[in-house]
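Worksheet: one structure, shown below.
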Amino acid sequence: MKLKWKLPLLFLFVYMCAVLATGLCFNLLINSNAAAQGGDTAFRTVASEYLSIAILFLAVFIGASFAVLSIYLHFKITKPIHILNERLESASTEHSSPLPDDRNDEIGTLYSQFNKMEVRLQQSREEQLGIIAAIAHDLKTPLTSINGFMELLSTRHDISEQEKQEYYELVLKKSQQIGTLINTFSTFAKQEVELETMDRQPTDARRLFENIIEEYDVELSGLGFALKWENNFVQNTFAMIDESAIRRTFGNLFSNAVRYGNKNDLCIYLSGYTDRGHIYFQIEDNGTGVQDDLLPLIFQKFYTVDTARQSENGGTGLGLAISKSIVEHHGGTMQAFNSEHGGLGVRFTIPMIS
Ligand SMILES: Nc1ncnc2c1ncn2[C@@H]1O[C@H](COP(=O)(O)OP(=O)(O)OP(=O)(O)O)[C@@H](O)[C@H]1O
Ligand SMILES: [Mg+2]
């Protein structure tokens, strides 16, 4: 039972008992008065006994009621709040077992929310550590090369001018790579903040679909790749969309297909449809795809299937994480699957305006 009902009922019960006890005492007092009016010494003694019993009974009853109430409030409210306070103090530093949330009242709900919050904190702590490790790894690789070349240049004096020039160029290339990485990281941090203040407007799904086709058909055919599409959007299928953010999502999905498709006759398939109040966009390719067990991982920040971390392709593993985050900020979902065309398929949804 909820505390909002339990506490008033408890107070009502104590109040009723107090009224009953007072009534009983009055009854005893009336009896004692009647006995006293009898005038007899024996009657007077009985009367004073009645009075003492009445006062004692009332005192004991009120004392016991308050003791029971205090114990109940201590164990059911004060102590759980105290435990919660202690856990809040240590929440960000220690990982301990979840609080018991089997109670069916407000304290139980509070504990269960607190447990969920602790899980989220733990996940974001792990994510932060992963991000720091990935940034450190990405920066360390070119930095190690720069150190190696600089050491060669400063210790070996028999290097020809041409070799020196080559080393300088490599050092320049690696330092530019570091610059690009740093730019990517700061853009990523900025985008995370921008997502909170997205400007979503009612957007026609069919118009958006056609604009995307127009934009990428030319670009892909310029690269020698094909784009095929189909959609069943009826007119006036609207959704609240921040178009520039969703275009960034499309941009990453198309660039991924081109980057990782690894095929000369690469073909990208774009489809759009509606189902149960949602707009669906699906991008597939006939490239190399991603192993089944790695599919859920590609949405993690800084995850790249190639453990050499895409140094060849220049990818940092942020595109899909950002795309998923953009879609989720629109109230939708994003999943990856193995396409029947042979490569990777990514599908995302956005709720329609009803
Ligand atoms: N169409 C695809 N085919 C095969 N593998 C893919 C495809 N799309 C993504 N991947 C794999 O998923 C990983 C994550 O993709 P994501 O877009 O998040 O990062 P990225 O392309 O490496 O870097 P960024 O997008 O930040 O430049 C890629 O590194 C790649 O290994
Ligand atoms: Mg990408």
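Tabulated data for the structure shown
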{"quantity": "Among the residues listed as 252, 256, 236, 264, the single one being within 16 Å of ligand 1 (Cβ to nearest atom), of a type in the set (S, T, N, Q), part of a loop (DSSP other than H, G, I, E, B) and in the same structural domain as residue 282 (by TED's automatic domain parsing)", "calculated": "264"}
{"quantity": "Any hit, segment 96-105, residues being assigned to a helix (DSSP H, G or I) and on the phi < 0 side of the Ramachandran plot", "calculated": "no"}
{"quantity": "Residue 219, sole failed condition from (1) assigned by TED's automatic domain parsing to the domain that holds residue 272; (2) away from ligand 2 (no atom under 16 Å from the Cβ); (3) part of a helix (DSSP H, G or I); (4) among the acidic types (Asp, Glu)", "calculated": "(2)"}
{"quantity": "Some residue of segment 274-294 being hydrophobic (A, V, I, L, M, F, W, C), under 23 Å from residue 128 (Cα atoms), under 24 Å from the mean Cα position of the chain (by Cα) and within 16 Å of ligand 2 (Cβ to nearest atom)", "calculated": "yes"}
{"quantity": "Residue in segment 93-102 that is touching a residue at least 24 places away in the same chain (Cβ under 8 Å), surrounded by 13 or more Cβ atoms within 10 Å (Cβ to Cβ) and either assigned by TED's automatic domain parsing to the domain that holds residue 303 or within 30 Å of residue 304 (Cβ to Cβ) (or both) present", "calculated": "no"}
{"quantity": "Lone unmet requirement of (1) touching a Gly at 6+ places or on another chain (Cβ under 7 Å); (2) modelled with pLDDT of 90 or more for residue 327", "calculated": "(1)"}
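Quick grid of which residues meet (1) in contact with a strand residue (DSSP E or B) (Cβ under 9 Å, 6 or more places away or on another chain); (2) modelled with pLDDT under 90; (3) under 26 Å from residue 324 (Cα atoms):
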position	(1), (2), (3)
156	no, yes, no
183	no, yes, yes
186	no, yes, yes
193	no, yes, yes
207	no, no, yes
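The values are calculated or read from the model by the stated rules, or taken from the named source; none is laboratory data. Keep in mind that this is a model prediction, so the values were computed, not measured. Every residue, glycine as well, gets a Cβ built from its backbone with ideal geometry; the counts of neighbours run over all protein chains shown.
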